[in-house]
Amino acid sequence: MEGLPKLGRIADLTFSLGRDVALLAIFLAIIHTFIATVFFVEGESMAPNLTSDQVLLVHKLSYLASAPTRGDIVVLRFPGDPEKRKFVKRIIGLPGDEVVIQDGEVYVNNERISEDYLPLELKTLPARRLKIANDEYYLMGDNRRNSSDSRTWGPARRRDLIGRTKFIIWPLPSAGFVPPVFY
């Protein structure tokens with residue numbers, strides 16, 4: 001009978017540990033679903049500013065308090081396959097904007113945007129002219145030569161935007177805030 005109190009303590013400890021793990025899992029699931037998540041960059045569509053195998057912190061609540069802005073780097077559900085594929089792109093055009101790509105340059109509402117985050121010699125192709133509808137956003141990768149973006153699949157709907165990313169969390173040498181862009 002001496003072993004029963006010890007067995008009871010082990011059972012209590014096991015139950016307590018299981019409860020704590022379950023509560024932690026629920027807490028993390030709530031954070032992942034509603035507040036923030038991580039995104040693993042695959043491919044070079046955002047090079048040189050983001051590179052393959054970086055891990056980004058995606059702030060899901062960011063667009064509840066404010067509207068997406070031009071220059072934001074966002075993670076979105078791919079409009080052609082919203083259940084499976086996710087991309088990271090930069091917002092170029094907002095609802096109601098006219099986006100024109102001409103002579104390798106990008107114009108929004110008849111003004112050339114200054115894209116200091118891109119290499120000087122980079123040209124944006126092909127030529128396009130598009131009026132962005134309400135609740136849509138024109139998105140492009142920073143690596144204009146190698147990016148599947150709104151130039152190919154058209155504008156993305158607001159509901160396709162998962163959240164804004166402002167922080168690289170991995171690898172450690174590149175960890176830090178993503179520099180903001182102002183047009």
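Just so you know, all these numbers are worked out from the coordinates, no wet-lab data involved. Quick caveat, the model's predicted, so the values are computed rather than measured.
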Practice problem: Once you have the Cα-Cα distance between Thr69 and Trp153, take 0.36 nm times their residue separation minus that, and quote the gain in nm to one decimal. | Solution: 28.2 nm
Quiz item: Cα convex hull of the range 34-177: mean projected area in nm², to one decimal?
Solution: 8.4
Exercise. Enumerate lysine pairs in the range 34-177 that are 8 or more residues apart or on different chains, then count those whose Cα atoms are under 25 Å apart.
Key: 11
Quiz item: Dividing the Cα convex hull volume of the range 55-115 by residue count, how many Å³ per residue is that?
Solution: 135
Quiz item: What number, rounded to the nearest 500 deg cm²/dmol, is the helix-based mean residue ellipticity at 222 nm of the chain, given -39500 (n - 2.57) per DSSP H run of at least four residues and division by all its residues?
Solution: -6000 deg cm²/dmol
